[in-house]
1. Select from segment 83-127 the residues that are hydroxyl-bearing (Ser, Thr, Tyr) and within 16 Å of the chain's Cα centre (by Cα) and list them in ascending order.
2. For segment 133-160, which positions are of a type in the set (Ser, Thr, Tyr) and either in contact (Cβ under 8 Å) with a residue 24 or more places away in the chain or touching a helix residue (DSSP H, G or I) at 6+ places or on another chain (Cβ under 6 Å) (or both)?
3. Give me the strands (runs of 3 or more DSSP E) completely within segment 41-125, filtered to those with at least 1 residues that are among the small types (Gly, Ala, Ser) and under 30 Å from residue 207 (Cα atoms), ordered by residue number.
4. Please specify each residue of segment 102-112 satisfying the condition of being at pLDDT below 95 and touching a helix residue (DSSP H, G or I) at 6+ places or on another chain (Cβ under 8 Å).
5. Is it the case that some residue within segment 282-301 is more than 27 Å from residue 85 (Cβ to Cβ) and surrounded by fewer than 18 Cβ atoms within 10 Å (Cβ to Cβ)?
6. Filter segment 82-124 down to residues that are of a type in the set (Lys, Arg) and without any contact (Cβ under 8 Å) to a residue 60 or more places away in the chain, then give me how many there are.
7. Confirm whether residue 295 is outside any loop (DSSP other than H, G, I, E, B), under 20 Å from residue 28 (Cβ atoms) and not polar (S, T, N, Q).
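The values are calculated or read from the model by the stated rules, or taken from the named source; none is laboratory data. What you see is a predicted model, and the numbers here were worked out from it, not measured in a lab. We place every Cβ from the backbone using ideal geometry, glycine too, and count neighbours over all the protein chains shown.
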Amino acid sequence: MNRFGLAFCSLVAFGGAAMAQELSIATGGTGGTYYPYGSGLAQVMERHIEGTSVAVEVTGASVENLALLTRGETDIIIATADAVRDAVQGAGAFEGRAVTNVAALGAIYANVTQIVALKEAGIETLDDLRGHRVSVGAPGSATEMASRRILEIKGISYEDVGAQRLSYAESVDAIRNGSLDAAIILATPPASSVLNLAAGREISIVPLSRDEVSQIVEADSAFAPFVLEAGTYEWQSEDILTLSNPNILLVGTEMDDDLAYQITRVLFEHTQEIAAVHPAANQTTVAFSIASTTIPLHPGALRYYEETGIDIPERLRP
């Protein structure tokens, strides 16, 4: 029996005591949102699912997480909707190797594209990135996937922007030391990496035009318009139009139904405990999840949603 089949079986009582089970959550870099959100979820699971301990893994985010899950090397992952779409369709980074053994527990929050640039670089529009040195995200991350897609739709190549595939922490260091002009960050605002960078350099967030947003959303349904409201960052005096896409909590299809049910239950019944670790969890609601999840739910998760009484689209049924 593989690790998913054993996961919840380890809770079977022996002599009246629950046996311990060890799980892992694959997240992302420490400068983004996946890691603190995953840490908050791990804490909630340990508090409210008896006998459970959860390790939080730092990874390259969505694409790597999906690979780890499909190989049975982790139990729970966070990934963006576009990465999940590519995985199940065998497209993009998963060309020719469609993934069939993953299921959703639900959508948890939306990522926001934030193109951060040094003020002195004079980058005021997306087209202004040409000829500058830009970080597009860690290799295989959701940030890099989104960056590549946004730039491609706009007809901007990696060569046009001297693309560097760096993590958020590496991007911040490179901008601070002057070896980079801008970075594309995909995270829930206020993002810690943006806050860290603003503490040392004068920066701006590059707005997209309405036409650019319409063009990108029309070309790729994984994106949606998003307004970064003035005051999100203390130095931000105006609303900024940009893009967002949802993040999905996933497990293997072989995970025990009762375990998937319990994880889904604590996710929604103890959301504010996760929000105390990262405010992205304020978006985590049953309604948002049902509206934004893009692949079928695990049967255990489906049982929890049915108990809430919410209407569940047929596309989400296993």
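1. Once the filter is applied, which keeps residues that are hydroxyl-bearing (Ser, Thr, Tyr) and within 16 Å of the chain's Cα centre (by Cα), segment 83-127 yields 109, 113.
2. 135, 141, 143, 147
3. Of the strands (runs of 3 or more DSSP E) lying wholly inside segment 41-125, those with at least 1 residues that are among the small types (Gly, Ala, Ser) and under 30 Å from residue 207 (Cα atoms) span 76-80, 102-118.
4. Hits for segment 102-112 are 107, 109, 110, 111.
5. Scanning segment 282-301 turns up no residue that is more than 27 Å from residue 85 (Cβ to Cβ) and surrounded by fewer than 18 Cβ atoms within 10 Å (Cβ to Cβ).
6. 1
7. no
Yes or no, residue by residue, for (1) at pLDDT below 95; (2) among the hydrophobic types (A, V, I, L, M, F, W, C); (3) over 23 Å from residue 273 (Cβ atoms):
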{"position": "28", "(1), (2), (3)": "yes, no, no"}
{"position": "31", "(1), (2), (3)": "yes, no, no"}
{"position": "37", "(1), (2), (3)": "no, no, no"}
{"position": "54", "(1), (2), (3)": "no, yes, no"}
{"position": "71", "(1), (2), (3)": "no, no, yes"}
